[in-house]
């Protein structure tokens, strides 16, 4: 409960007038002024009592739609206040405290509540919109409700300590697809698997030919077709891709290690990584997203599994930088491995880094380098080694930079 002067401007004026009546009545001996002063004080006391001696219980719950917010996008917050009071409550105003991580206007008029002698709880629904400003987990609340008596003389401010956690995921941008832009981006590097066993999705039935084993007869298909059918495994081919997010704090600033949303360079890198991950999964790639030392930042994601992508977005809401710097040893992660597209997202980048990651080109069908703060000649060095490289522009221009990389192979305009 936050304390403040209990009377409004009108009530304060009534109090001052009542005191003045007592003083003047004492000086001039006018008894009527004494009665008038007592009447004013009695009204003020009644107004205060009507607000403070009414027993009521309040319960505050909040819900966010969608459940996870995103930097730069709006979400709707619905706050429900449960009120139980034997007497009617006066209208007032409300205000919900917003953290630095979200922006918006969270205030409005609080409606009057009728009496509830039967003890039934009444619910007041308050709705407002917020915009994600800073990645991370933030706390909404407390809620403050200020009410006045029917005459507008006294006021009461009640603060409810209930808080609600809201998760703000990194911003993402729609990128152009890889499909049909670079041909077979996976090339011969597609991972091929055979799933055996009756009832698997990749099983097909074909007519029986002499020499087929009787154990391979597909009885369900045979009954349906009226001829003997045998099971045949269909080979599946899924292109692989790898997204590498460099979290080394030396590539950014110390703020990236301390908390989320505090370093613009690291925030850009995280947003680019989640945008690329979303694009690749939508294009049907099976994607691994790793750190520069090979540590997985999320579980392996199958092509088209957008639910898993949303889980990664939520997980990345709390992602911070790390102390160790492993970029110059990244090529060891790909030793003996052949894969499809490899997208490396990093911060500071120089010639020595370009030389260190040059061997990765021979292990990928489409090596893409996106650097937030490259030195002047670093990207040229990476381009000469075979990387499709670009300096990350302002996030609003990232879509065009990505298109330039995947369509022309290089992006000199953003160097």
Fraction of the pair-distance distribution of the stretch 365-408 above 13 Å, Cα-Cα pairs, percent: 51 percent
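Quick check: residue separation of residue 337 and residue 137 times 0.36 nm, minus the Cα distance between them. What number comes out in nm? Could the numbers behind the result be given before it?
On the way: separation 200, 0.36 × 200 = 72.00 nm, distance 3.71 nm.
In short, 68.3 nm is gained.
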Ranking of 35, 208 by count of other Cβ atoms within 10 Å, fewest first: 35, 208
Cα long-axis angle, helix 398-408 against the chain (0 to 90 degrees, to the nearest 10): 10 degrees
Highest-MSF residue in the chain out of 147, 271, 364 [GNM, Cα springs under 10 Å]: 147
The stretch 238-414 - Rg and Dmax from Cα coordinates, angstrom: 14.7, 40
218, 138, 315, 224 arranged by Cβ crowding within 10 Å, fewest neighbours leading: 224, 315, 218, 138
Whole-number D in µm²/s for the chain (Stokes-Einstein; Kirkwood sum over Cα pairs; 37 °C, 0.692 mPa s): 122 µm²/s
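Give me D for the stretch 9-52 in µm² s⁻¹, whole number, from Stokes-Einstein with Rh from the Kirkwood sum over alpha-carbon pairs, 4 °C and 1.567 mPa s.
Rounded, D is 123 µm²/s.
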Average projection area in nm² (convex hull over Cα atoms of the stretch 244-315, one quarter of hull surface): 4.5 nm²
Principal-axis tilt of helix 9-28 within the chain, Cα atoms, nearest 10 degrees: 20 degrees
Order of 266, 7 under a 10 Å beta carbon neighbour criterion, fewest first: 7, 266
Projected-area mean, the stretch 57-169, by convex hull of Cα positions, square nanometres: 6.8 nm²
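Every number here is computed from the coordinates shown, using simple stated rules; none is lab data. Nothing here was measured: the structure is a model prediction, and the numbers come from that model. Neighbour counts run over all protein chains shown; Cβ positions are idealised from the backbone, glycine included.
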